[in-house]
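K.L.:
Before I ask anything, here is the structure I am working with.
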Amino acid sequence: NICHRFLFITPNVDILTEVLDGCCIKPEEYIVVCSKFEDVPKYLSAADLGIVVMDKPKIAMAIKTAEYLAVGLPVITNANLGGAKEIVEENNVGIVHDIDSNLADLERFIEKSRIEDVHSRVLRTSRVAVDGHPFFLPRQR
């Protein structure tokens, strides 16, 4: 009985599959694909949530965060990704979850994202968040 399935989009299908085979994720719980850049939104449109985390603190947004928001995906991130954390918290378009956070909060967020029209809210607010965010403003030269 599978309650979730992960979709990984990567140019390194063989490497990631080998890593996942050594983890606690069962093969039927994930799909790993290689995609052309222009086809990534098609894959993301099939998802329910986007996950983007960093193992070390970084003052960044991560392009992946913008891609998730652009297709209406709520984002799960951690505090190590400063720009994503800021947008998620300020615009209520996901959850910031860290290893030492309460797992029940993450489970409630995932369940809530299934029953509410979270995707529409994310699409409405993401354009404003991304357009006005300093990480997406043109660089001054």
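K.L.:
Name every residue in the stretch 13-37 that is open to solvent by less than 80 Å² (accessible area, probe 1.4 Å) and either acidic (Asp, Glu) or closer than 17 Å to Ile63 by Cβ (or both), in order of residue number.
P.N.:
Scanning the stretch 13-37 gives Glu29, Ser35.
K.L.:
Here are some residues: Ala70, Ala46, Ala79. Which one is closer than 17 Å to His4 by Cβ, modelled with pLDDT of 75 or more and not acidic (Asp, Glu)?
P.N.:
On the way: Ala70 fails: closer than 17 Å to His4 by Cβ; Ala79 fails: closer than 17 Å to His4 by Cβ.
That would be Ala46, the only listed residue that is closer than 17 Å to His4 by Cβ, modelled with pLDDT of 75 or more and not acidic (Asp, Glu).
K.L.:
If I ask for residues that are among the polar types (S, T, N, Q) and either surrounded by 23 or more Cβ atoms within 10 Å (Cβ to Cβ) or at pLDDT 90 or above (or both), which ones from the stretch 86-96 would you list?
P.N.:
Residues of the stretch 86-96 among the polar types (S, T, N, Q): 91-92.
Of everything in the stretch 86-96, nothing turns out to be among the polar types (S, T, N, Q) and either surrounded by 23 or more Cβ atoms within 10 Å (Cβ to Cβ) or at pLDDT 90 or above (or both).
K.L.:
For a quick check of your reading of the model, give me the residue pairs whose first member lies in the stretch 2-19 and is over 13 Å from Ile51 (Cα atoms) and without any contact (Cβ under 8 Å) to a residue 40 or more places away in the chain, whose second is open to solvent by 80 Å² or more (accessible area, probe 1.4 Å) and part of a helix (DSSP H, G or I), with beta-carbon atoms closer than 7 Å and at least 6 apart or on different chains.
P.N.:
Ile2/Glu28
K.L.:
With Gly83, Gly72 as the choices, which residue is part of a loop (DSSP other than H, G, I, E, B) and open to solvent by less than 40 Å² (accessible area, probe 1.4 Å)? So that I can check it myself, show each step before the final result.
P.N.:
Working: Gly83 fails: part of a loop (DSSP other than H, G, I, E, B).
Result: Gly72 is the single residue among Gly83, Gly72 that is part of a loop (DSSP other than H, G, I, E, B) and open to solvent by less than 40 Å² (accessible area, probe 1.4 Å).
K.L.:
Just the residues that are farther than 16 Å from Lys64 by Cβ and assigned to a helix (DSSP H, G or I), please, taken from the stretch 1-37.
P.N.:
Val13, Asp14, Ile15, Thr17, Glu18, Val19, Leu20, Asp21, Pro27, Glu28, Glu29
K.L.:
Can you tell me how many residues in the stretch 38-58 are assigned to a loop (DSSP other than H, G, I, E, B) and open to solvent by less than 40 Å² (accessible area, probe 1.4 Å)?
P.N.:
Keep residues of the stretch 38-58 that are assigned to a loop (DSSP other than H, G, I, E, B), which gives 45-49, 53-57.
Filter once more, so that each one left must be open to solvent by less than 40 Å² (accessible area, probe 1.4 Å): 47.
Of the residues in that region, 1 qualify.
K.L.:
Which one is modelled with the lowest pLDDT, of the residues in the stretch 97-120 that are of a type in the set (A, V, I, L, M) and open to solvent by less than 40 Å² (accessible area, probe 1.4 Å)? Working first, answer last.
P.N.:
Just the residues of the stretch 97-120 that are of a type in the set (A, V, I, L, M), to begin with: 99, 103-104, 106, 110, 115, 118.
Checking the rest, the ones that are also open to solvent by less than 40 Å² (accessible area, probe 1.4 Å) come to 104, 106, 118.
Values: Ala104: 71, Leu106: 68, Val118: 65.
It comes out as Val118.
K.L.:
Considering Lys56, Lys64, which residue is of a type in the set (Lys, Arg) and farther than 23 Å from Glu111 by Cα?
P.N.:
So the residue among Lys56, Lys64 that is of a type in the set (Lys, Arg) and farther than 23 Å from Glu111 by Cα is Lys56.
The values are calculated or read from the model by the stated rules, or taken from the named source; none is laboratory data. Keep in mind the model is a prediction, meaning the values are calculated, not measured. Neighbour counts run over all protein chains shown; Cβ positions are idealised from the backbone, glycine included. Note: areas computed on protein heavy atoms with side chains; ligands, DNA, RNA excluded. Shrake-Rupley method; radii C 1.70, N 1.55, O 1.52, S 1.80 Å.
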